[in-house]
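Some notes on the structure that comes next.
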Protein chains: 2
Amino acid sequence: MSTQVKRRAPAAQRTVLILDRLSTSSKPLGVSEIARDIDAPKSSVYGICETLVAAGVLHFEADGYSLGSHCLRWSAAYLNRSSLVSEFRRILAVDGRLASYTVTLSELDKDQVVYLDCRNSDKPLGFTFQVGMRLPAVYSATGKAMLSYISDEERHEILSAVLWDAPFTANSVPNHKKFDADVKVWRAQGYAVDNGEIREGMVCLGAPILNPQGLPVAGIAISMTGAEARLEIQKELGTIVRDIANVLAQRYTS
Amino acid sequence: MSTQVKRRAPAAQRTVLILDRLSTSSKPLGVSEIARDIDAPKSSVYGICETLVAAGVLHFEADGYSLGSHCLRWSAAYLNRSSLVSEFRRILAVDGRLASYTVTLSELDKDQVVYLDCRNSDKPLGFTFQVGMRLPAVYSATGKAMLSYISDEERHEILSAVLWDAPFTANSVPNHKKFDADVKVWRAQGYAVDNGEIREGMVCLGAPILNPQGLPVAGIAISMTGAEARLEIQKELGTIVRDIANVLAQRYTS
DNA sequence: AATGACCGTTCCTTATATGGAACGTTGTTT
DNA sequence: AAACAACGTTCCATATAAGGAACGGTCATT
């Protein structure tokens, strides 16, 4: 299903592959290693990398190529395409109800959630959300919340492709059927729960940010330790999360 | 001085140009507009954009192409290439001396500073630093601090290319000569000052984070309003900024 | 010292990605 | 209603980027 269309602009595709490969490397990589990993001729990789260095996207040092700061422009532009992130920060700065919890903002990309921002609490959580980080949507609170508000067809298409036999923890929702049953609960209460499905002992409550058409554009969630997440607390905090998501939805423009 | 080397992998270069162009647009752009702006044939731009959509880097909607969240991977990887950002956050969370000020972390890229992180204060500053944001190094506090610690040749090369006739404010350092005189002061006191050179009424104090070889890898700065920046306060806070930068330098690895 | 493995880089042929021109649509102007 | 302009898309000859092979250099191993 990958290259059925006739290959156009292979250099552009390889540019992406090279940047992706460098993203998952902790050290600079040489031409040969990159070429091997992305399955392309050395000389082609060499030409592209030199072009990217000239463009200021990559740095070259003695031991190979590495990412440059140029790509921060692109992500900054992406995060600023709407007022979502700035409104998220503003509302958390003003509304003190979630002050002692870690709060995240994320959006859905296929079967993953992408974290757009994170306001850490002073209390340690044992888990760090980073901007740009991706997690399986089906196990995360915001992912569950957003998946609950897309059309049944879309959700079915996404869930059908999930590899259910690679759970994150013993608590991870086990299959499509259980997820569909949960969806009814999340919709009814207006927020979704991840009870240790991403990380053992971490509980997250997520709510969707819906556009005027009722479709999710993003989601917010709060994270806490299992010890903090007593049921009555969950209900109270879940309601707050849902309310804040609704306020964000109203302020959200374009 | 741009395309003296023989053009290799034009599609890779155009990929960068397209992403850059979309970064500076508030709305999606069509093939024709992009092609006009980056001075490339429509059909080539079309091929590259379709490839980038297939790669998940761009989104396509009715009114044109726009950036996708894929590029967040690259910037997240860039920010995590060292422990700099995480140590910056940790030290600010523990050390309360700068709690009521906006503190930024940035690095030098040619003649610009690139902001890597920002810890906003509760007090409004009237200026927002965003990750990935770029400012002229010569006018910014961290830029001044870092430029003070590179070799004289390197600094001379960078400063010679600065367009001094496009100052940000009336306070912006006016020329190469004045900057060189300031460098001696910044080096002597261990921190640099931007007194309204980026924005009228905003004062920033910056210090370099030096590697074991004594070369700057990044810089930190605190920002405050002119009213807050009385001289004795500047001296006190400048010393704190310098000390924190030194602690960061010690913790900084790889 | 000699061998071998692997590196980054260059070369040159050829397969092919490119891009000018043409196409069908759409929306605006005359 | 007709003419026009600008759009996204397709087409095809050809300029040219790609990539297999060869090169010189470095480092381990024998």
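Determine if the range A:168-179 includes at least one residue that is aliphatic (A, V, I, L, M) and more than 27 Å from A:SER75 (Cβ to Cβ).
Scanning the range A:168-179, I find at least one residue that is aliphatic (A, V, I, L, M) and more than 27 Å from A:SER75 (Cβ to Cβ), so the answer is yes.
Selection of the range A:111-123 for residues being part of a loop (DSSP other than H, G, I, E, B) and under 20 Å from B:ASP117 (Cα atoms) yields A:ASN120, A:SER121, A:ASP122. Within the range B:34-62, the only residue that satisfies the criterion of being at pLDDT below 90 and within 22 Å of A:ALA76 (Cβ to Cβ) is B:GLU61.
Considering only the range A:41-61, state which residues are among the hydrophobic types (A, V, I, L, M, F, W, C), more than 9 Å from DNA strand C (Cβ to nearest atom) and either surrounded by 18 or more Cβ atoms within 10 Å (Cβ to Cβ) or facing chain B (nearest Cβ under 10 Å) (or both).
Quick first cut of the range A:41-61, residues among the hydrophobic types (A, V, I, L, M, F, W, C) only: A:45, A:48-49, A:52-55, A:57-58, A:60.
So of that shortlist, the ones also more than 9 Å from DNA strand C (Cβ to nearest atom) come out as A:48, A:52-55, A:57-58.
Hits for the range A:41-61 are A:ILE48, A:LEU52, A:ALA54, A:ALA55, A:VAL57, A:LEU58.
Among the residues here, A:VAL94 does not qualify as within 16 Å of DNA strand D (Cβ to nearest atom), at negative phi and either under 28 Å from the mean Cα position of the chain (by Cα) or not assigned by TED's automatic domain parsing to the domain that holds A:ASP243 (or both).
On the given criteria, is B:THR128 within 14 Å of chain A (Cβ to nearest Cβ), surrounded by fewer than 13 Cβ atoms within 10 Å (Cβ to Cβ), of a type in the set (Ser, Thr, Tyr) and on the phi < 0 side of the Ramachandran plot? Yes: the conditions hold for B:THR128.
Considering B:TYR101, B:TYR78, B:TYR65, the condition of being more than 10 Å from chain A (Cβ to nearest Cβ) and closer than 28 Å to B:PRO10 by Cβ is satisfied by B:TYR65 alone.
Residues in the range B:52-79 that are under 14 Å from B:LYS27 (Cβ atoms) and among the hydroxyl-bearing types (Ser, Thr, Tyr): B:TYR65, B:SER66.
Residue by residue, here is whether (1) more than 9 Å from DNA strand D (Cβ to nearest atom); (2) not aliphatic (A, V, I, L, M) holds:
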residue: B:ARG36; (1), (2): no, yes
residue: B:ALA40; (1), (2): yes, no
residue: B:VAL45; (1), (2): no, no
residue: B:LEU98; (1), (2): yes, no
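For A:VAL31, the criteria (1) within 21 Å of B:ARG134 (Cα to Cα); (2) more than 8 Å from every other protein chain (Cβ to nearest Cβ) hold in every case but one, which is (1).
If the condition is being over 10 Å from the mean Cα position of the chain (by Cα) and of a type in the set (Asp, Glu), then the range B:104-160 contributes B:ASP122, B:ASP152, B:GLU153, B:GLU154, B:GLU157. Do we find that A:SER83 is surrounded by fewer than 17 Cβ atoms within 10 Å (Cβ to Cβ) and more than 11 Å from DNA strand D (Cβ to nearest atom) in this structure? Considered against the rule, which asks whether it is surrounded by fewer than 17 Cβ atoms within 10 Å (Cβ to Cβ) and more than 11 Å from DNA strand D (Cβ to nearest atom), A:SER83 comes out as yes. If the condition is being surrounded by 15 or more Cβ atoms within 10 Å (Cβ to Cβ) and of a type outside the set (Asp, Glu), then the range A:226-245 contributes A:ALA229, A:GLN234, A:LEU237, A:GLY238, A:THR239, A:ILE240, A:VAL241, A:ARG242, A:ILE244, A:ALA245.
Residues are listed down the side, and each one gets a yes or a no for (1) out of contact with any Leu (no Cβ under 9 Å at 6 or more places or on another chain); (2) free of Cβ contacts under 8 Å to residues at least 60 places away in the same chain; (3) part of a loop (DSSP other than H, G, I, E, B):
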{"site": "B:THR128", "(1), (2), (3)": "yes, yes, yes"}
{"site": "B:GLY143", "(1), (2), (3)": "no, no, no"}
{"site": "B:GLU153", "(1), (2), (3)": "yes, yes, no"}
{"site": "B:HIS156", "(1), (2), (3)": "yes, yes, no"}
{"site": "B:ALA166", "(1), (2), (3)": "yes, yes, yes"}
{"site": "B:ASP182", "(1), (2), (3)": "yes, yes, no"}
{"site": "B:GLN213", "(1), (2), (3)": "yes, yes, yes"}
{"site": "B:VAL217", "(1), (2), (3)": "no, no, no"}
{"site": "B:SER223", "(1), (2), (3)": "no, no, no"}
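Each row is one residue, and each column tells you yes or no for (1) among the β-branched types (Val, Ile, Thr); (2) modelled with pLDDT of 95 or more; (3) surrounded by 24 or more Cβ atoms within 10 Å (Cβ to Cβ).
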residue	(1), (2), (3)
A:ARG134	no, yes, no
A:VAL138	yes, yes, yes
A:TYR149	no, yes, no
A:THR169	yes, yes, no
A:LYS177	no, yes, no
A:ALA188	no, yes, no
A:ALA192	no, yes, yes
A:ILE198	yes, yes, no
A:LEU210	no, yes, no
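Pairing residues of the range A:23-44 that are touching a residue at least 12 places away in the same chain (Cβ under 8 Å) with residues that are within 12 Å of DNA strand C (Cβ to nearest atom) and of a type in the set (A, V, I, L, M, F, W, C), at Cβ distances under 6 Å and at least 6 apart in sequence or on separate chains, gives A:VAL31/A:VAL45; A:ILE34/A:VAL45.
The values are calculated or read from the model by the stated rules, or taken from the named source; none is laboratory data. Just so it is clear, the model here is predicted, and its values are computed rather than measured. Cβ: placed from backbone, ideal geometry, glycine included. Neighbour counts: every protein chain shown.
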